[in-house]
1. Which members of region 48-72 meet the condition of being part of a loop (DSSP other than H, G, I, E, B) and closer than 15 Å to T26 by Cα?
2. It is to be established whether one or more residues within region 17-32 are over 13 Å from the mean Cα position of the chain (by Cα) and modelled with pLDDT of 85 or more.
3. Being closer than 17 Å to A86 by Cα and surrounded by 12 or more Cβ atoms within 10 Å (Cβ to Cβ) is the filter here, so list the residues in region 22-55 that pass it.
4. Could you check how many residues of region 61-81 are surrounded by 10 or more Cβ atoms within 10 Å (Cβ to Cβ) and among the polar types (S, T, N, Q)?
Amino acid sequence: MTLRLASSAGEAIARAGPYYLSDMATIVLRVRLLGGENTDLTYEDPDQDDEGALIDQVVEEMRTDSGVLRCRHGDRLVAVFARGVASIEVSPRGAIV
């Protein structure tokens, strides 16, 4: 992944790496599946900037049997279906996936 930043002179500066600048709320979820396995996933919403509201959004979505979350595991997109989830933990800030 390459991040392009604009300098004060208006020129683009390219930086390689998995880092990006964002004002969106991002949380790390530990999802325990019904089979007993668990996985750590990153959930973010570009329209949300409050982590507390984002947690409420996740809980509301997972309350329904047809709920689906689009999360990330590293560079992969993962769809988590509510019917296969036993529990979800929200990690403290600074957790690494």
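The values are calculated or read from the model by the stated rules, or taken from the named source; none is laboratory data. Everything numeric here is computed off the predicted structure, so don't read it as measured data. Please note: Cβ atoms are built from the backbone with ideal geometry, for glycine as well, and neighbour counts cover all protein chains shown.
1. Narrowing region 48-72 to residues part of a loop (DSSP other than H, G, I, E, B): 48-50, 63-67.
Those that are part of a loop (DSSP other than H, G, I, E, B) and closer than 15 Å to T26 by Cα: Q48, D49, D50.
2. Checking region 17-32: at least one residue is over 13 Å from the mean Cα position of the chain (by Cα) and modelled with pLDDT of 85 or more.
3. Step one: list which residues in region 22-55 are closer than 17 Å to A86 by Cα, which gives 28-41, 55.
Answer for region 22-55, where residues must be closer than 17 Å to A86 by Cα and surrounded by 12 or more Cβ atoms within 10 Å (Cβ to Cβ): V28, L29, R30, V31, R32, L33, N38, T39, D40, L41, I55.
4. Final tally of qualifying residues: 1.
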